[in-house]
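J.: Pasting a structure below so you can have a look.
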Amino acid sequence: MTVPALPAVVTLAALITYQGTAMAVGQARVKHRVMPPASSGPEEFERALRVQQNTLEQLVFFLPAFWLAALLGNESWAALLGFIWVGGRIAYGIGYRLAPNKRGPGFGISFLCGVALLVMAIVGVVSQG
């Protein structure tokens, strides 16, 4: 089986983005002396942790929808939406870490891309049957 290269690159970008959020939590733990297993501390730490948690929550939805859209729909459009999703997650993380009220645009971008990918996947499944 040959794995489509562009969707694989999008998947790697999404995973690298997630790993970046995990590393930011580790840095915040050290900076604010929040020792594991604690999940509360100064607001700056809690925002970093929330960015990581939300990104993980979104990955659970994004990856299957993305791959189904890429394999059963249009690979190029799915990849474009996937890259935009990654950009949205990065914008979400930066915004949230600056101030919680700045997380909205990044969240909205990634959410809308996820919905579009889900629709592409559904259309792809229905057209196959």
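The values are calculated or read from the model by the stated rules, or taken from the named source; none is laboratory data. Being a predicted model, the structure only gives us computed values, none of them experimental. Note: ideal-geometry Cβ built from the backbone for every residue, glycine included; neighbour counts use all protein chains shown. Note: accessible area is taken over every heavy atom of the protein model, side chains too, but ligands, DNA and RNA are not part of it. Shrake-Rupley method; radii C 1.70, N 1.55, O 1.52, S 1.80 Å.
J.: Give me the pairs: first residue in segment 80-107 and within 16 Å of F45 (Cα to Cα) and of a type in the set (D, E, K, R), second residue assigned to a helix (DSSP H, G or I) and at pLDDT 95 or above, beta-carbon distance under 8 Å, and six or more apart or on different chains, which are they?
T.: Going by the 8 Å Cβ cut-off, the qualifying pairs are R97/A24; R97/E44; R97/R47; R97/A48; R97/V51; R103/Y92; R103/G95; R103/Y96.
J.: Also, quick follow-up: Scan segment 85-129 residue by residue and report those that are among the β-branched types (V, I, T) and open to solvent by 20 Å² or more (accessible area, probe 1.4 Å). Show your work before the answer.
T.: Of all residues in segment 85-129, those among the β-branched types (V, I, T) come to 86, 90, 94, 109, 115, 119, 122-123, 125-126.
Correct list: I90, I94, I109, V115, V119, I122, V123, V125, V126.
J.: Something else: Residue check, R50 against (1) closer than 30 Å to V126 by Cβ; (2) part of a helix (DSSP H, G or I), all met but one. Which one?
T.: The one condition R50 does not meet is (1).
J.: Could you tell me whether any residue of segment 64-74 is open to solvent by 30 Å² or more (accessible area, probe 1.4 Å), part of a helix (DSSP H, G or I) and in contact (Cβ under 8 Å) with a residue 60 or more places away in the chain?
T.: Residues of segment 64-74 open to solvent by 30 Å² or more (accessible area, probe 1.4 Å): 64, 67-68, 71-74.
Checking the rest, the ones that are also part of a helix (DSSP H, G or I) come to 64, 67-68, 71-72.
Next, from what is left, pick out any that are in contact (Cβ under 8 Å) with a residue 60 or more places away in the chain: 67, 71.
Checked segment 64-74: at least one residue is open to solvent by 30 Å² or more (accessible area, probe 1.4 Å), part of a helix (DSSP H, G or I) and in contact (Cβ under 8 Å) with a residue 60 or more places away in the chain.
J.: Take the residues in segment 1-59 that are among the hydroxyl-bearing types (S, T, Y), closer than 17 Å to G88 by Cα and out of contact with any Lys or Arg (no Cβ under 6 Å at 6 or more places or on another chain), then tell me which one is surrounded by the most Cβ atoms within 10 Å (Cβ to Cβ).
T.: Within segment 1-59, the first condition is being among the hydroxyl-bearing types (S, T, Y), and the residues that meet it are 2, 11, 17-18, 21, 39-40, 55.
With the extra rule that they be closer than 17 Å to G88 by Cα, the set shrinks to 11, 17-18, 21, 55.
Going one step further and asking which of them are out of contact with any Lys or Arg (no Cβ under 6 Å at 6 or more places or on another chain), we end up with 11, 18, 21.
Numbers: T11: 20, Y18: 17, T21: 22.
For segment 1-59, the residue satisfying everything is T21.
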